[in-house]
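What follows is one structure encoded as structure tokens, with my remarks underneath.
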Amino acid sequence: MTALARPTHGRMIGGVCAALARRFGTSATTMRVIFLLSCLLPGPQFLLYIALWLLLPSEEKADSTRTAW
């Protein structure tokens, strides 16, 4: 599994679904469909998406901090 970071290429809105898809080895389209279907259920899915968008580093920042060590 790869590090959890939002990719700079292949993302639609915030890159959260693309990052999760890369992390778990599925396609980004599959992860987006799963997210959209989960929004039909009650729960804080949309708020979780926004929180991950804010908390996950972009791929550029993750690479720069990884090389700094």
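Among (1) 116; (2) 86; (3) 60, only one was calculated for this model; which label is it, if the read-out is volume of the Cα convex hull per residue in Å³? Comparing each candidate, only (2) matches the computed number. Taking every DSSP helix (H) stretch of at least 4 residues in the chain, weighting each as -39,500 (n - 2.57) and dividing the sum by the residue count yields a mean residue ellipticity at 222 nm of -17500 deg cm²/dmol.
Grab the other residues whose beta carbon is less than 15 angstrom from that of residue 54, score K and R as +1, D and E as -1, and report the net.
Working: positive: 6, 11, 61; negative: none.
Here the charged neighbours net out to +3.
Of 27, 58, the residue with the largest accessible area leads and the full order is 27, 58 (1.4 Å probe).
Accessible surface for the chain, divided over its residues, is 73 Å² per residue with a 1.4 Å probe.
Quick check: residue separation of residue 13 and residue 34 times 0.36 nm, minus the Cα distance between them. What number comes out in nm? All intermediate terms of the calculation are to be shown ahead of the outcome.
Working: separation 21, 0.36 × 21 = 7.56 nm, distance 1.56 nm.
The span from residue 13 to residue 34 would gain 6.0 nm if fully extended.
In this simple spin-label model, placing a label point 7 Å from the Cα along the Cα-to-Cβ direction at both residue 23 and residue 46 gives a separation of 2.2 nm.
Quick one: ranking 35, 24 by accessible area, 1.4 Å probe, largest first, what do you get? List each step's numbers first, then the result.
Numbers: 35 45, 24 130 Å².
So, going from the largest accessible area down, we get 24, 35.
Remark: accessible surface ordering of 50, 13 (largest first) is 13, 50, probe radius 1.4 Å.
The values are calculated or read from the model by the stated rules, or taken from the named source; none is laboratory data. Fair warning: this is a prediction, and the values are worked out from it, not measured in the lab. As a convention, Cβ positions derive from the backbone with ideal geometry for all residues, glycine included, and neighbour counts pool all protein chains shown. All accessible areas refer to the heavy atoms of the entire protein, side chains included, with ligands and DNA or RNA removed. Shrake-Rupley method; radii C 1.70, N 1.55, O 1.52, S 1.80 Å.
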